[in-house]
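Readers should treat all values here as calculations from the given coordinates under stated rules, not as data from a laboratory. On a predicted model such as this, the values are computed, not experimentally measured, just so you know. Neighbour counts are summed over all protein chains in view; Cβ atoms, including those assigned to glycine, are modelled from backbone coordinates with ideal geometry.
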2 protein chains.
Amino acid sequence: MASSNQPATPARQLRADAARNREAVLCAAREVFAESGLDSPLEEIARRARVGIGTLYRRFPSREHLIAAALVGKITEYADAAENALGEADPWAGLSGFVRKICALQAGDRGLADLLLMTMATSGEIEAIRERANRAATELIARAKAAGTVRPDLTGEDLLLMMIANSSIAAAAGRDAPCAQPRFVALMLESFQPRPDSALPRPPSAAEMRRVMTRLAAAYGCHADPAAAAELCGGHPPQSSLGQPAAH
Amino acid sequence: MASSNQPATPARQLRADAARNREAVLCAAREVFAESGLDSPLEEIARRARVGIGTLYRRFPSREHLIAAALVGKITEYADAAENALGEADPWAGLSGFVRKICALQAGDRGLADLLLMTMATSGEIEAIRERANRAATELIARAKAAGTVRPDLTGEDLLLMMIANSSIAAAAGRDAPCAQPRFVALMLESFQPRPDSALPRPPSAAEMRRVMTRLAAAYGCHADPAAAAELCGGHPPQSSLGQPAAH
DNA sequence: CGCTAGCCGGAGGCTTTGCTCCACATCGGC
DNA sequence: GCCGATGTGGAGCAAAGCCTCCGGCTAGCG
């Protein structure tokens, strides 16, 4: 068993009809996830793709595989936004533009909003892209700090908190209050700016936020513990060769 | 079919054992709601109260009735916090203390956090208390604006946005990142302070936010449309115009 | 063409949750 | 202590989702 981590493209060439169906599922998944988030019923996706539920499961053995395959493109947009922002001459313009951009992305796609807040243990590809975005975002903050246009105690974790908040506001306000989300982002950006004599309580650590993201993943039915993840990938659970991994 | 709006206290004297059970259910409900939010399974509440599910439904014919009965006390704390803050001499100390207080309340009780973001069409009592809090909060903002310690374009709707955000951060971070929620509140308070030459996009209207709260209520299985609500109360659906006091 | 590996759909088992209904138990006035 | 009004528990039905399995279909190679 070659342990290719997860087939972003199917292992071998699919038959023409199968490939067509696979694409239809991905397309429907993008639609449904965007509308209703990553915990949408998979049956709804199959229905919209005009495909049996069995077909969906054959192509994507778990929800996480489907999520990863459907949203690589979208999360790449996110990473690209971060790196493009580094090209901006003015550090504050770069950072604030990036913040507005990703918050708008979240507001426009509930699936992406969810994905940006969780870790996908089974998809190295997604995590690599996220890491790329993280590096760029950290650099964006560092530059703005150096230029004195951002409060010196701002951290990358603050950006993540903002994204959690933005995601819930976008989900709650939706079309009922379309100006809520931009308003909130503007307020957050105000809070990022430096202000003399104002100290913030200490931020959460990167490790803490990683744990948060792992728990959020679990809430969407994505098992982030290594054993379950490995099993899902067809890999070997650590210490392999036990009859069955304990997790069920 | 008596059309008493909703029995905050049971219609007539309950038998001793029944009253004891009712109290046990309320107590369990407060626990479970606090831990897991207003969408917790009612069976879990019955189980923890060591009571049959039938008993729970007999006493509280719908989830909304149970929520209202279990959380009147908590939401009263919220309204009291607002009114007490009006007693504070320094307007900014009053407002910021209030904000920190309610956000801490939300962080400590997921049920309350949820309740503060939704309208309870079937419980005039809850809505009256909320209205009391709204009036006080509006006054708090007005005072702080007058004193120049808060940005002039801040509105009551911004407070609600903050509460939505705070609720989701508290829920996500939980015990994994206990400093996340205070950190976020501190940032929001920074954004409330005045800053020359900074304009915010226009805030959502009160009516829009009311619609948002109604939809959030529906998400917890609370039917907020007048017809369903009235039916649930055994009252008459149409015409009666005494509905909610319009916020503001 | 004909054949088969590969693919398809959805029936159906399982779990969770909501809510109803009724045979039985208990309280408490007399 | 009797006995009916009152209360109790949980069996049971329905709906929604997850996921597996298998009888039948077809694409596309030879």
Worksheet, complete the sentence: Here the correct list, in nm and shortest first, of distances from B:PRO41 to the same site in the other copies, label points 7 Å along Cα→Cβ, is 1.9
Worksheet, complete the sentence: Classified through the alpha carbon gyration tensor (a ≥ b ≥ c as square roots of its eigenvalues; rounded if a/c is under 1.5, else prolate when a/b is larger than b/c, else oblate), the protein assembly as shown comes out oblate
Fill in: Charge dipole (debye, nearest 20) of the range B:79-163; +1 at Cβ of Lys and Arg, -1 at Cβ of Asp and Glu
180
Item to complete: Would you mind checking the radius of gyration and Dmax of the range B:85-205 based on alpha-carbon positions, in Å?
Response: 14.7, 45
Worksheet item: How far is A:ALA206 from the same spot in each other copy, in nm, shortest first, if each label point sits 7 Å from Cα toward Cβ?
Response: 4.7
Item to complete: Let me know the shape class of the range A:176-218, please: from the alpha-carbon gyration tensor, a ≥ b ≥ c as square roots of the eigenvalues, rounded when a/c is under 1.5, otherwise prolate if a/b is greater than b/c, or oblate.
Response: oblate
Fill in: DSSP H segments from chain A that extend 24 Å or more along their own axis, Cα-based, with Kyte-Doolittle mean of 0.5 or above
A:91-108, A:156-173
Worksheet item: How far is B:CYS27 from itself in the other copies, in nm, if each label sits 7 Å out from Cα along the Cα-Cβ line, shortest first?
Response: 5.9
Fill in: Cα convex hull of the range B:16-61 - mean projected area over all directions, nm²
2.7
Worksheet item: Could you name the aspartates and glutamates in cross-link range of A:LYS145, using Cα to Cα under 18 Å and dropping any fewer than eight places away on the same chain?
Response: A:GLU83, A:GLU88, A:ASP90, A:ASP153, A:GLU157, A:ASP158, A:GLU190, A:ASP197, B:GLU190
Worksheet item: Based on DSSP H runs of at least 4 residues, each adding -39500 (n - 2.57), what is the mean residue ellipticity at 222 nm of chain A after dividing by all its residues, to the nearest 500 deg cm²/dmol?
Response: -20500 deg cm²/dmol
Fill in: Reachable lysines from B:LYS101, criterion Cα separation under 16 angstrom, eight or more residues apart if same chain
B:LYS74
Worksheet item: How large is the charge dipole for the range B:20-133, taken about the Cα centre, if only the Cβ atoms of Lys, Arg (+1) and Asp, Glu (-1) carry charge, to the nearest 20 debye?
Response: 560
Practice prompt. Kindly identify the range B:1-123 as rounded, prolate or oblate by the Cα gyration tensor criterion: order the square roots of the eigenvalues as a ≥ b ≥ c, call it rounded if a/c is under 1.5, otherwise compare a/b with b/c, prolate if a/b is larger, else oblate.
Written response: prolate
Worksheet item: Once Lys and Arg get +1 and Asp and Glu get -1 on their Cβ, which of B:ALA82, A:SER62, A:ILE141 lies farthest toward the positive end of the dipole of the protein assembly as shown?
Response: A:SER62
Worksheet item: How large is the charge dipole for the range B:16-61, taken about the Cα centre, if only the Cβ atoms of Lys, Arg (+1) and Asp, Glu (-1) carry charge, to the nearest 20 debye?
Response: 240
Worksheet entry | Leading residue at positive end of dipole, chain A (Cβ point charges), from A:ALA199, A:ILE169, A:MET209 | A:ILE169
Item to complete: Work out the FRET efficiency for B:ASP90 and B:ASP197 from their Cβ-Cβ distance, taking R0 = 25 Å, and round it to the nearest 0.05.
Response: 0.45
